[in-house]
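*Asks:* Sharing a structure here in C-alpha cells format.
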Amino acid sequence: MEASDITRVQTYLRRLFGTERINILRPARPGLSVEVAVEDEVIGTLHRDTEDGEISYSLHLTILEEDLPPAPKADKAPPRRRA
C-alpha cells in the first residue's frame, strides 16, 4: 500500500471516529500487513482491494478475549413460579 493511501485512509478514520489517536502503521518490510493502532495498541489490519477497476479498503479488527470486560454472571436457577 502506498504512503498516500495510508495517509488518506488514516485521515478518513480519524474524521469518522472523531479522534486523532488512530494511526496506520506501514509495515517494516514489504509484503507484511498494514496495521491500524489506537495510540500504541494495534487493533487490526488494513487491506487494499482492487476489483473491476474500483479500489476499496478493508479494515479487519481483532478483539482478544482477554481485552473484554468480564461476562455477566448467569442466574443459576430460573425464577420460581407462584401457584
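*Asks:* Looking at R82, R21 in this structure, which one is touching a strand residue (DSSP E or B) at 6+ places or on another chain (Cβ under 7 Å) and among the charged types (D, E, K, R)?
*Replies:* On the way: R82 fails: touching a strand residue (DSSP E or B) at 6+ places or on another chain (Cβ under 7 Å).
The unique qualifying residue is R21.
*Asks:* Here's a follow-up. Would you mind telling me which numbered condition in (1) part of a strand (DSSP E or B); (2) surrounded by 10 or more Cβ atoms within 10 Å (Cβ to Cβ); (3) charged (D, E, K, R) D49 fails?
*Replies:* Condition (2) is where D49 drops out.
*Asks:* Still on this structure, I have one more. Out of region 1-11, which residues are surrounded by 13 or more Cβ atoms within 10 Å (Cβ to Cβ) and more than 14 Å from the chain's Cα centre (by Cα)? Break it down into steps so the answer makes sense when it comes.
*Replies:* Step one: of region 1-11, the residues surrounded by 13 or more Cβ atoms within 10 Å (Cβ to Cβ) are 1, 5-6, 8-10.
M1, D5, I6, R8, listed by residue number.
*Asks:* In region 20-38, how many are closer than 18 Å to I63 by Cβ and either loosely packed, with under 15 Cβ neighbours inside 10 Å or over 15 Å from the mean Cα position of the chain (by Cα) (or both)?
*Replies:* Qualifying residue count for the region: 4.
*Asks:* Please specify each residue of region 60-79 satisfying the condition of being in a loop (DSSP other than H, G, I, E, B) and at pLDDT 85 or above.
*Replies:* T62, I63, L64, L68, P69, P70, A71, P72, K73
*Asks:* Filter region 1-19 down to the residues that are assigned to a loop (DSSP other than H, G, I, E, B) and within 17 Å of T45 (Cβ to Cβ) and list them by number. So that I can check it myself, show each step before the final result.
*Replies:* Our first condition is that a residue be assigned to a loop (DSSP other than H, G, I, E, B); within region 1-19, this holds for 1-2, 18-19.
The answer is M1, E2.
*Asks:* Test R82 against the stated conditions and say whether it is modelled with pLDDT under 95, surrounded by 10 or more Cβ atoms within 10 Å (Cβ to Cβ) and not small (G, A, S). It would help to see each step written out before you state the result.
*Replies:* Working: modelled with pLDDT under 95: yes; surrounded by 10 or more Cβ atoms within 10 Å (Cβ to Cβ): no; not small (G, A, S): yes.
Spelling it out, it is not the case that R82 is modelled with pLDDT under 95, surrounded by 10 or more Cβ atoms within 10 Å (Cβ to Cβ) and not small (G, A, S).
The values are calculated or read from the model by the stated rules, or taken from the named source; none is laboratory data. Model, not experiment: these values are computed from the prediction. Neighbour counts run over all protein chains shown; Cβ positions are idealised from the backbone, glycine included.
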